Structures are given as C-alpha cells and as structure tokens.
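Inspection log for the structure reproduced underneath, given as structure tokens.
The values are calculated or read from the model by the stated rules, or taken from the named source; none is laboratory data. It should be emphasised that the depicted structure is a prediction, and the values quoted were computed from it without experimental measurement. Note: ideal-geometry Cβ built from the backbone for every residue, glycine included; neighbour counts use all protein chains shown. Just the protein is used for accessible areas: all its heavy atoms, side chains included, with ligands, DNA and RNA removed. Shrake-Rupley method; radii C 1.70, N 1.55, O 1.52, S 1.80 Å.
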Amino acid sequence: MPDPNTPLLELIGVSKSFGGVQALRDVDFTLRAGEIHGLVGENGAGKSTMMKIIAGVHADYAGRFLLDGRAVHFRSARDAHTAGIAMVHQELSVAPDLSVAENVFLGTQLTNRLGIVQWRRMAEEARAQLARLGVDVDPRQQMGALPIGVQQLIEISRVLFSGARIIILDEPTSALSPPEIARLFTALRGLRASGASIVFISHFIDDILNVSDTVTVFRNGQKIMTAPAATSTKNGLIQSMIGRGHAELEDTYTSDIRLAPPIDRPVMLEAANLRLGRSLRDVSLAVRAGEVLGIYGFMGCGQAELARVLFGKTKPERGTIRVDGRRLRGGGTASARRAGMAFVPDSRRSMLFHQEPVYKNTSISILGRLSRLFLKPAQERALAARQIEALRIRPPRVDALLGGLSGGNQQKVGLAKWLTYPPKVLVLCEPTRGMDVGAKDEVVKIVRGLKEKGLAIIIVSSEPETVLSMADRIVVLRKGELVREFCDENVSKDRLLEAA
Ligand SMILES: Nc1ncnc2c1ncn2[C@@H]1O[C@H](COP(=O)(O)OP(=O)(O)OP(=O)(O)O)[C@@H](O)[C@H]1O
Ligand SMILES: [Mg+2]
C-alpha cells in the first residue's frame, strides 16, 4: 500500500545543460495526485526543458526522478507514455496531412481483433472527444486545412483523453480565445476530479491563478518558489518571475482604459467592402498614420483571413484596398510590399530557419534591401545585436542557433526584423503570443515608438490584453462581420468580450 503522502512524481536536484547553456540548475519539483499545478517563468527560464525531462524527451540529465516513490529514468517519450505521462508541446506537433480522426488517435489507432483499423469507430469517438472541448469539425477533414487554434484544440484533446494520469500542457492556450479556454478549464477540472494530475504552463497569470491548486515559479533555470494558488497574488508571482519589483507590468484590464480621440492625419490603409466567402462580409476599415488599430475577435471570427486579404495573400471576392492613397490591384503580396506594407503572420515559426543562427534569421527577409547597400556579416551581426537587446532575446548571442532558443524567444526573433526596418503600414498578427510579461511590455513600447514615427499599425489578435495594451481604436469582428468599433471611449476586457 503506497503511503498517501508520497508525491505522485518528484524531481530532486535535476540539472540539464545544452552545450554551454545551463537550462536547469539543481531543481526540485513535486507533483501530487489529483492536483493542477501551474508553472510560470520568463521566456527561457527552463519550464519546457523540465517538462520534457518528465515526458521522456530529454533523457540526458543529472538528478533523481521518482514516480510513485520509485526511481525512474525515461529514455524516450514512449517510456513516459507507458508510465502514464502525456504532454502537449508548446510547438504544435500535429500531422497536417492526416485527417482530424487520425490525429486524435495518432499512434493509438483503434483496431479490431484482426488488427484492422476501425475507421468509422475512430471518427465517431474523435467527434465525441472534440465535442467535449466544444470543437465541431468533421473528423474526416484534413488537419492542415484547419485554423491553428482548432488544430491546437485537437492536439489538446488527443492528450487529455488519452487516459494518461499525468498530463502536461505547455502553453496550451496561446492560440485559444476565452470561450475555448473556459471549456478547456472545465475539462481539466473534470480530469482532476477523476484523479489525474496536470501541469499547466502559461504566461497568462490570471489563467494560472484561476485553474491551479499549486503554483511554481522558475527563474533562470532554478525553482524560485512553490505555493498554493489560493494564497498567491498576480503581482507576487510576477515579482518572483522577474526578480524585481515591477508592479506596473501586465495590467489586468478589468477596469476601464480610455481610448484615444480620433486623429487628423492621412489615411495610410483603407479597405472597403471586403468580402470572402463566409469569413468576411463587407468589411471596411481605415488606419491613419500614427495610429494603432486593434482588430479583435474570437478565434475563427475571420481575423486571420482579414489579415491575409489586407496583405494580398488571399484575393477577396469583392472590395478594394488602398495603401497611402493608391489602390492595390490583385498583385498579391509583392504589390502590398511595394506599396509599403509589412505583415507578420501568427505562424511565425514557418518564417524562421531553425538550423541558422539568430542573426541570419533577423536579416533574411531584408537581405535584398541590405545587399543593395552593404552586406557585411559584421553589419548583419551588429543589427541583430541591437534587436537582441531591444527585445531582450535570450541567450543574448547573435550566433546562437535559432532551434535552441526557447519558444518565446523564437517568437521574439520572428518579430525583430520588422521592428528595425519599419514600413508605412505594419500588420502584426498575435504580436506577443508566447512571450512573458516583460517581453510583452517591450513589444508594447516598441509598437508605441513606431506609432510615434508615423507608422500606421494594425494589431490582429484574439487576446483582449494584446489589443487593449496597444490599440488607440478597436474594431470587433464576429463571424466575418465588423460588429462594433471602440473609439474615444472607455473599454475593458469585459466589454470587449461582450461585443465579440
Ligand atoms: N534543444 C536545445 N538546444 C539548446 N538550447 C536549448 C534547447 N532547449 C532549450 N534550450 C535552452 O534552455 C533554456 C531554457 O529553455 P526552455 O525552452 O526550457 O524555456 P521556457 O521556460 O520553456 O521558455 P518559454 O516561455 O520561452 O517557452 C534556454 O536558454 C534555451 O535557449
Ligand atoms: Mg517553453
């Protein structure tokens, strides 16, 4: 009979380094049966690394790992899986060419006694599982064709309902909007009630406090503290995370913020009557020089399509787009770029080169522009060094390989190049996704700086905090329609959610 006080899982004095980088230093971590354990820390603090040790992804580490009081050392993710541990990774790891049902049952296809795959049963069960998270998709549909947020929910569903008794979620809500997050939390509480233990990593401290029983803070590869969520405060956690007082960081936006009055400057981007299937229905909007327009809506409301149409990646069925007074005529992204537009998609990983150093990744898309003037590696590096400093990219080395950076730091690299080569109109999709509170703050300041230089900026996001922290004016999209504009008035997170 196991001692009921024995923790389900215990790491003792765990250290891990990658080449010269010490990702974890002498970390102790305890997970109890039937708890939801929140994990927070700055980008690069070591959260994913520790969870990957638990999930068997990193086998090469120092220290002890006890499961049910017995020493284990997993050599592979399969070992961890056999022991009942499953993880949703920070990087989406779905199979885009397979169907939804095949993704739900990845590696565990249902077969009958003769070993024949039971497609119909898989489709039915996949549909039922997804319904528990509020996802209504045809299980036979191809995964890659679905929006990122839906793919993320499908991956979460696969892990949640895999029967694992320890479930690790590494920033599962980064592409989800509030209603989906609420459903996810209901599912997590249900799993806890049935005895599962859950580790939940997020940069949204409110979510962490809302769903966790216990909270652990990491900083610089070390564990700083573990405390009950009930006695923790947001400011307290942020202070432990960044190691200094920073009460003004990450506002909650529960109370009103005041949006700017209209400004009287030239319109830099004007879209009129854009229509695209069921995704966009007669959308019109304009952004002026020196203005930040926020486009807010729940995932799937059409905001991703709108951003793509604005930048010429998708051709609308109807409607016109003008940049700086000149009409873009169906020339795709090249003509948008020539007109002075830049676009940062939410799937920034696809624009990054994992085998290349940071400095190449920050200059690649501007190579054309650089080579005309100069292309000296020293200058490329100097440019990258400035970006690293501005965004506090860690490790602060221009030669670090991109693939070795933590998730949030890769996001910063994806954003960096646009911030030093500002265009006339900048469209940023989910500009702070995956970033810690400090980095978000840096991005807010950089966006304000660009605005003061006269750029017209569009922020597209399904995170209320993101638009509230940056926008002068906010439009809300619902099912492809602009349903509300907030301008020169008070707005809060609640009011934004109500409008969507
Ligand atoms: N495969 C790898 N190769 C080299 N270095 C790595 C690798 N994985 C992680 N690191 C380094 O280990 C440190 C911790 O990274 P980790 O991914 O655990 O951070 P994190 O807390 O999950 O951050 P984030 O919030 O950005 O996801 C970072 O300095 C990172 O650059
Ligand atoms: Mg991580």
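If we count every other residue with Cβ under 12 angstrom of Val398's Cβ, Lys/Arg +1 and Asp/Glu -1, where does the sum land?
It works out to a net charge of 0.
State the percentage of accessible surface on region 406-473 attributable to carbon and sulfur atoms; use a 1.4 Å probe and exclude ligands, DNA and RNA. Write down the numbers at each step before the final one.
Values: 780 of 1510 Å².
Carbon-and-sulfur percentage of accessible area, whole number: 51.
Among the aspartates and glutamates, which have Cα under 13 Å from the Cα of Lys47 when same-chain residues fewer than 8 positions away are ignored?
Within the straight-line cut-off, Lys47 pairs with Asp28, Asp170, Glu171, Asp436.
Taking the Cα centre of the chain as the origin and placing charges on Cβ (Lys, Arg +1; Asp, Glu -1), which of Leu106, Pro7, Val159 is farthest toward the positive end of the dipole?
Leu106
Please report the projected area of the chain's Cα convex hull averaged over all directions, in nm².
Values: hull surface 99.5 nm².
Projected over every direction and averaged, the Cα hull of the chain covers 24.9 nm².
In whole Å, what is the distance between the alpha-carbon centres of region 121-200 and region 402-460?
29
One quarter of the convex hull surface, Cα atoms only: what value does that give for region 4-44 in nm²?
For region 4-44, the mean projected area of the Cα convex hull comes to 3.7 nm².
If you count only protein heavy atoms with a 1.4 Å probe, what accessible area per residue comes out for the chain, rounded to a whole Å²? Don't jump to the answer; show the numbers that get you there.
Numbers: 21930 Å² over 500 residues.
So the chain comes to 44 Å² accessible per residue, rounded to a whole number.
Where does the Debye-calculated log10 I(q)/I(0) of region 7-245 sit at q = 0.09, 0.14, 0.17 Å⁻¹, using only Cα point scatterers of equal weight, no solvent?
Values, matching the q order: -0.39, -0.92, -1.29.
Say the dipole of region 257-499 comes from +1 at the beta carbon of Lys and Arg and -1 at that of Asp and Glu; which of Leu428, Thr333, Leu402 then lies farthest toward its positive end?
About the Cα centre, the residue reaching furthest to the positive side is Thr333.
Rank Thr82, Thr216, Thr333 by accessible area, highest first, at a 1.4 Å probe radius?
Details: Thr82 115, Thr216 0, Thr333 40 Å².
Ranking Thr82, Thr216, Thr333 by accessible area, largest first, yields Thr82, Thr333, Thr216.
So how tilted is helix 148-160 from the main axis of the chain? Cα-based, degrees 0 to 90, rounded to 10.
Computed tilt is about 10 degrees.
Return the subset of Lys313/Lys479; Lys376/Lys417; Lys360/Lys451; Lys234/Lys417; Lys315/Lys445 for which the Cα-Cα distance in this structure is over 24 Å, preserving the input order. Before the final figure, lay out each step's value.
Numbers: Lys313/Lys479 20 Å; Lys376/Lys417 17 Å; Lys360/Lys451 27 Å; Lys234/Lys417 32 Å; Lys315/Lys445 33 Å.
The answer is Lys360/Lys451; Lys234/Lys417; Lys315/Lys445.
Work out the P(r) tail for region 257-499: percent of alpha carbon pairs separated by more than 28 Å, whole number.
Working: 9129 of 29403 pairs.
So the pairs more than 28 Å apart make up 31 percent of the total in region 257-499.
Given a Förster distance of 56 Å, report the FRET efficiency between Arg322 and Gln22 from their Cβ-Cβ distance, rounded to the nearest 0.05.
Once rounded, the FRET efficiency stands at 0.60.
Among bridges DSSP assigns within the chain, what percent are antiparallel (round to 5)?
Bridges in the chain that DSSP calls antiparallel: roughly 55 percent.
At 1.4 Å probe size, with no ligands or nucleic acids counted, give the accessible surface of Arg397 in Å², nearest ten.
Its heavy atoms expose roughly 120 Å² to the probe.
Of all accessible surface on region 7-245 at a 1.4 Å probe, what whole percent is carbon and sulfur? Don't jump to the answer; show the numbers that get you there.
Working: 4860 of 10060 Å².
On region 7-245, the fraction of accessible area on carbon and sulfur atoms equals 48 percent.
With Cβ to Cβ distances under 14 Å as the rule, what net charge do the other residues near Phe18 carry (K, R +1; D, E -1)?
+4
Placing +1 at every Lys and Arg Cβ and -1 at every Asp and Glu Cβ, with all other atoms neutral, what dipole size does the chain have around its Cα centre, in debye to the nearest 20?
Its charge dipole is roughly 1660 debye.
List the residues whose amide H sits under 5 Å from the amide H of Arg288, counting only those 5 or more places along or on another chain, with H placed 1.01 Å from N in the peptide plane.
Long-range HN contacts for Arg288: Met268.
Could you work out the local net charge near Ala182, counting Lys and Arg as +1, Asp and Glu as -1, over the other residues with Cβ closer than 15 Å to its Cβ?
With Lys, Arg at +1 and Asp, Glu at -1, the neighbours total -2.
Let me spell out the model: positive unit charges on the Cβ of Lys and Arg, negative unit charges on the Cβ of Asp and Glu, origin at the Cα centre of region 257-499. What dipole size does that give, in debye rounded to 20?
Around 920 debye, computed over region 257-499.
Please state the charge dipole magnitude for region 166-231, taken about the Cα centre, from unit charges on C-beta atoms (+1 on K and R, -1 on D and E), reported in debye and rounded to the nearest 20.
On the way: 5 positive and 6 negative charges, 37 e Å.
For region 166-231, the charge dipole is close to 180 debye.
Enumerate the calculated ³J(HN,Hα) couplings along region 296-310 in order (Karplus 6.51 cos²θ - 1.76 cosθ + 1.60, θ = phi - 60°), each rounded to whole Hz, writing x wherever the residue is Gly or Pro.
Per residue, the Karplus-derived 3J(HN,Hα) values read 10, x, 5, 3, x, 7, x, 5, 5, 5, 4, 4, 5, 5, 4 Hz.
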